[in-house]
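S.K.: The structure is given below, and queries will be raised subsequently.
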Amino acid sequence: MALKDSKLADLPFRTQVLLIAFLLLGISYGFYTYFIAPKREETSLLNSRMNALLNEVQKGQIVEARLPQFKQEITRQREYLDNLRRILPEEKETADIIRKIGQLALESDLQIKSFTPQQTVVRDFYEDWPILIAVEGSYDSLEMFLDKVSRFTRIINVENISIRALENPGMQRTLSATCTATTFVFLENRTQS
């Protein structure tokens, strides 16, 4: 009815259809531009974020699947580090060294006459800790003692060995020997600076 009273009604039918079609296209374009396009863009953004998160989850699942392997590697590395700390400890452990070397001498049938720790010598990441040792016993006992020291868990280098015959040898003690047994101390603080 409104079309009949307006000048639009005077237009040919084909023009009326085209005008209504343009009007509908304009409304559709405005609806698309202001409502649908932003939602499509937001959906696209959310899809890309979701894909990124799915990739992260997938990576996490791969890491999780390898977690037992990582735990085994950590355990193996800790055991290795503990072994290295026995070989090259972080402290002098004077009482422990005296007791263990004394035990090795006793097992070798040697008598320790003196055990004199010296000043440490600082190196790059460790310290040399020389210990002067004087013992009495037989040649075989000294050989057994040095062999046991060479297989000791902690690194001990024996050098400057001086052997001399005793003036009044007994059945078990025929020689006197002095040497420098050098062990080492790891300086952890120096390696981290």
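The values are calculated or read from the model by the stated rules, or taken from the named source; none is laboratory data. Remember, predicted model here, so these are calculated numbers, not experimental data. With ideal geometry, Cβ positions are generated from the backbone for all residues, glycine too; neighbour counts draw on all protein chains shown.
S.K.: Can you pull out every residue in the range 135-171 that is among the small types (Gly, Ala, Ser) and assigned to a strand (DSSP E or B)? Give the steps one after another, and end with the answer.
M.R.: Initial filter on the range 135-171 (among the small types (Gly, Ala, Ser)): 137-138, 141, 150, 162, 165, 170.
Matches in the range 135-171: Gly137, Ser162, Ala165.
S.K.: Here's another thing I want to ask about it. Given the conditions (1) surrounded by 10 or more Cβ atoms within 10 Å (Cβ to Cβ); (2) within 30 Å of Val185 (Cα to Cα); (3) of a type outside the set (Phe, Trp, Tyr), which single one is not true for Asp124?
M.R.: Here Asp124 meets the rest and fails (1).
S.K.: Does the range 143-150 contain at least one residue that is closer than 30 Å to Leu84 by Cβ and touching a residue at least 60 places away in the same chain (Cβ under 8 Å)?
M.R.: no
S.K.: Taking Leu132 and the conditions (1) buried (at least 17 other Cβ atoms within 10 Å of the Cβ); (2) in a strand (DSSP E or B); (3) more than 33 Å from the chain's Cα centre (by Cα), which numbered condition does it fall short on, given that it satisfies the others?
M.R.: Against the list (1) buried (at least 17 other Cβ atoms within 10 Å of the Cβ); (2) in a strand (DSSP E or B); (3) more than 33 Å from the chain's Cα centre (by Cα), Leu132 comes up short only on (1).
S.K.: Go through the range 32-88 residue by residue and tally those that are under 30 Å from Phe186 (Cα atoms) and of a type in the set (A, V, I, L, M).
M.R.: Matching residues across the range 32-88 total 5.
S.K.: How about the range 11-115: which helices (runs of 4 or more DSSP H) wholly inside it have at least 3 residues that are at negative phi, modelled with pLDDT of 85 or more and surrounded by fewer than 12 Cβ atoms within 10 Å (Cβ to Cβ)?
M.R.: By residue number, 13-31, 37-87.
S.K.: Only residues that are of a type outside the set (D, E, K, R), touching a residue at least 40 places away in the same chain (Cβ under 8 Å) and within 14 Å of Ser141 (Cα to Cα): list them for the range 94-130, please.
M.R.: Ile101, Leu104, Ala105, Ser108, Gln111
S.K.: Just to be sure, is Val135 under 22 Å from Thr178 (Cα atoms), at pLDDT below 90 and either aliphatic (A, V, I, L, M) or not assigned by TED's automatic domain parsing to the domain that holds Cys179 (or both)? Lay out the reasoning, then the answer.
M.R.: Details: under 22 Å from Thr178 (Cα atoms): yes; at pLDDT below 90: no; either aliphatic (A, V, I, L, M) or not assigned by TED's automatic domain parsing to the domain that holds Cys179 (or both): yes.
For Val135, the condition - under 22 Å from Thr178 (Cα atoms), at pLDDT below 90 and either aliphatic (A, V, I, L, M) or not assigned by TED's automatic domain parsing to the domain that holds Cys179 (or both) - is not met.
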